[in-house]
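**Q** Got a structure here, written out as structure tokens. Questions coming.
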Ligand code: MCA
Ligand code: AMP
């Protein structure tokens with residue numbers, strides 16, 4: 001592990017500050033963001049984000065309608081410049097999910113691209129259009145009220161096993177240190193050009209995928225939506241790095257045999273990085289065989305940002321997430337949750353616990369959940385189970401909670417979907433599980449006892465119901481009808497008995 005000097009200065013984007021200070025200098029003309037045919041240089045980003053920052057500077061907390069567009073990137077940068085915490089909203093969130101997030105986080109404003117129609121759940125909020133006007137008179141960059149690195153920067157909602165999502169409060173310190181640790185691990189510089197098609201309301205797409213390049217003074221080209229053709233195009237035209245979830249790499253692996261241009265484009269990339277869920281070894285190997293390049297994995301969590309990674313100068317071993325990042329303390333613990341596992345033997349399993357400046361500060365309005373997430377001596381319990389190889393490489397082998405499902409790289413709580421299903425008049429009882437899926441990693445399966453066994457609700461009906469209330473990625477892909485759910489003597493549903501074969 002190499003040493004890392006932690007930069008806790010409030011200036012998250014030195015390249016932006018430089019462009020602002022010297023609008024005619026070379027730094028101001030460097031490309032920063034590109035979404036389709038719209039792009040901004042650092043000078044243009046400073047010109048458009050700084051007046052917006054000035055406008056939101058007095059807002060207590062803002063929400064951002066986080067479509068995969070230039071506007072979202074500008075709004076989040078403006079909030080960070082102003083030192084105002086931003087809550088990125090999934091634009092596909094349904095009414096009940098949005099209603100919860102808005103009432104829990106209580107933003108004073110919602111920022112959205114001009115012309116976007118916002119749903120009724122946001123009607124009570126004052127709206128501010130994100131106008132991208134690079135000819136706006138230069139405003140000096142506000143000096144963020146964030147000289148304290150503990151100031152909240154983002155509040156990102158993340159699912160737990162039960163109940164609605166919790167808002168993880170991510171301080172500026174965590175963003176700066178995780179991005180700098182990745183720069184160290186990946187030799188990531190301002191010369192890198194990143195391509196990705198990730199959503200912008202989660203850590204992966206927003207913090208790593210947008211704020212990461214901006215902190216380095218490099219650039220990002222966002223695909224709008226993930227497509228292998230876009231990956232081929234951008235990597236053939238100068239992009240150096242690709243970020244994606246395993247579903248994206250699976251789709252790449254499926255496409256490669258019939259797409260020599262994709263293979264050629266991937267072969268020339270400096271770094272292909274996968275995260276948010278485990279990359280199956282089979283997909284890893286298929287990509288390596290077709291391109292000669294190995295995807296590297298990093299491991300993170302909304303609450304911790306990034307914990308480990310295979311290093312650019314390390315061995316990209318399939319099935320592992322590499323070594324702890326600089327500044328991150330990582331231990332495995334026995335079942336009691338406090339006794340450290342000392343073994344580096346590739347077989348002793350323990351829960352991953354982490355400590356470091358990369359961590360969130362709390363779950364918003366949830367002191368009990370926050371307290372439960374940490375040990376008494378300040379280790380964060382990730383709930384991920386792993387072993388360590390003799391050389392320190394971490395290999396994730398499972399999860400403590402069976403009620404957390406990872407589908408398409410999204411974390412989804414079974415309890416949240418069960419509650420939504422129970423609101424459907426055709427459902428008397430419901431249980432939700434995840435089962436292996438080659439494309440999504442896991443797919444959501446609903447087991448329901450219909451209110452009327454003669455006319456049970458169809459899979460499409462229940463999928464639409466969940467998508468409308470929560471979000472499309474939380475919809476069940478398979479529905480089984482049962483006469484009764486298997487329960488133990490205590491009346492608790494025995495999910496392990498729910499298999500259809
Ligand atoms: C289908 N659709 C529906 C319905 N059925 N919409 C509403 N109701 C229905 N009943 C729509 C979907 O909205 C979508 O619309 C389209 O059909 C296809 O959806 P789907 O099959 O679900 O998925 P996909 O579009 O093929 O998406 C696969 C994906 C996606 C691109 C891989 O899952 C994805 O972007 N995953 C990224 C997750 C991520 O970023 N995780 C980071 C969190 P339309 O076509 O209009 O879109 S984890 C994290 O941040 C930590 C820190 C970490 O370590 O990284
Ligand atoms: P989220 O809560 O959505 O931020 O998801 C975090 C979870 O994603 C972690 O707790 C892990 O279970 C999982 N995860 C992230 N990256 C990886 C990876 N490279 N390999 C396996 N699991 C991962």
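**Q** Two decimals is fine: what's Rg over Rh for segment 255-358, C-alpha atoms, Kirkwood radius as Rh?
**A** Taking Rg over the Kirkwood Rh, I get 1.05.
**Q** So, one more: Where does segment 97-232 land on Rg(C-alpha)/(2.2 N^0.38 Å)? Kindly include the intermediate steps, with their values, before the conclusion.
**A** Details: Rg = 17.2 Å, N = 136, 2.2 N^0.38 = 14.2 Å.
In units of the globular-protein estimate, segment 97-232 measures up at 1.21.
**Q** Per residue and in Å³, how big is the convex hull formed by the alpha-carbon atoms of segment 63-123?
**A** Numbers: hull volume 4.6 nm³, N = 61.
Convex hull of Cα atoms, per residue: 75 Å³.
**Q** Here is a further query. Any idea how far apart residue 189 and residue 489 come out in nm if each label point goes 7 Å out from Cα toward Cβ?
**A** About 6.8 nm, to one decimal.
**Q** Treat the chain as a sphere of radius equal to its Kirkwood radius over Cα pairs and apply Stokes-Einstein at 37 °C in a medium of 0.692 mPa s; give the translational diffusion coefficient in µm²/s, rounded to a whole number. The partial results should precede the final answer.
**A** Details: Rh = 23.5 Å.
For the chosen part, D equals 140 µm²/s.
**Q** Mind jotting down a quarter of the surface of the convex hull over the alpha carbons of segment 301-364, in square nanometres, one decimal? Show your work: numbers first, answer last.
**A** Working: hull surface 22.1 nm².
Over every viewing direction, the Cα hull of segment 301-364 projects on average to 5.5 nm².
**Q** Helix-derived [θ] at 222 nm for the chain: sum -39500 (n - 2.57) over DSSP H runs of at least 4, divide by residue count, nearest 500? Numbers along the way, then the final one.
**A** Values: 13 runs with 133 residues, N = 501.
Calculated mean residue ellipticity at 222 nm is -8000 deg cm²/dmol.
**Q** Sticking with this structure for a sec: Out of the DSSP beta bridges found with both residues in the chain, what percent are antiparallel (nearest 5)? Can you show the working numbers first?
**A** On the way: 50 of 81 bridges.
Antiparallel bridges make up about 60 percent of those DSSP assigns within the chain.
**Q** If you project the alpha carbons of segment 288-330 onto the principal axes, what extent comes out on each, in Å, largest first?
**A** Each principal axis gives a Cα extent; for segment 288-330 these are 35, 20, 14 Å.
**Q** Right, here's the next one. In whole angstrom, note down how far apart the Cα centers of segment 267-293 and segment 358-427 are.
**A** Each part's Cα centre sits 26 Å from the other's.
**Q** To continue, here is another question. With r as the distance between the Cβ atoms of residue 335 and residue 54 and R0 = 45 Å, compute the FRET efficiency 1/(1 + (r/R0)^6) and round to 0.05. Don't skip to the end; give the middle numbers.
**A** Details: r = 53 Å, r/R0 = 1.17.
Taking R0 as 45 Å, the efficiency between residue 54 and residue 335 is 0.30.
**Q** So for segment 328-405, what are the equivalent ellipsoid semi-axes in whole Å, largest first, each being the square root of 5 times an eigenvalue of the Cα gyration tensor? It would help to have the intermediate numbers written out before the result.
**A** On the way: eigenvalues 105, 38, 25 Å².
They are 23, 14, 11 Å, listed largest first.
**Q** Could you give me the percent of Cα pairs per 10 Å distance bin for segment 232-309, shortest bin first, beginning at zero and ending with the bin that holds the maximum distance?
**A** 20, 53, 23, 4
**Q** Compute the semi-axes of the equivalent ellipsoid of segment 290-437, taking the square root of 5 times each eigenvalue of the Cα gyration tensor, and list them largest first in whole Å. Before the final figure, lay out each step's value.
**A** Working: eigenvalues 174, 88, 44 Å².
Square roots of five times the eigenvalues give 29, 21, 15 Å.
**Q** Spin-label point model (7 Å from Cα, Cβ direction): what's the residue 435 to residue 460 distance in nm?
**A** 2.1
**Q** If you don't mind, another one. If you stretched the chain out fully between residue 374 and residue 162, how much longer would it get, using 0.36 nm times the residue separation minus the C-alpha to C-alpha distance? Provide the component values of the computation, followed by the final result.
**A** On the way: separation 212, 0.36 × 212 = 76.32 nm, distance 1.82 nm.
Extra length available between residue 374 and residue 162 comes to 74.5 nm.
**Q** What is the angle, in °, between the Cα long axis of helix 172-186 and the longest principal axis of the Cα atoms in the chain? Nearest 10 is fine, range 0 to 90.
**A** 90
**Q** Something else: Largest first and to the nearest Å, give the Cα extent of segment 163-302 along each principal axis.
**A** Extents along the principal axes, in whole Å: 44, 39, 26.
**Q** Next question, about the same structure. State the dimensionless ratio Rg/Rh of segment 373-494 (Rg: radius of gyration of Cα atoms; Rh: Kirkwood radius). Kindly include the intermediate steps, with their values, before the conclusion.
**A** Numbers: Rg = 17.2 Å, Rh = 16.1 Å.
Rounded to two decimals, Rg/Rh equals 1.07.
**Q** Shifting gears a bit: Quick check: the angle from helix 281-291's long axis to the longest principal axis of the chain, C-alpha only, nearest 10 degrees?
**A** It works out to around 40 degrees.
We did not get these values from a lab; they are worked out from the coordinates using the rules stated. Computed from a predicted structure; not experimentally measured. Heads up, the Cβs are rebuilt from the backbone with ideal geometry, glycines too, and the neighbour counts pull from every protein chain shown.
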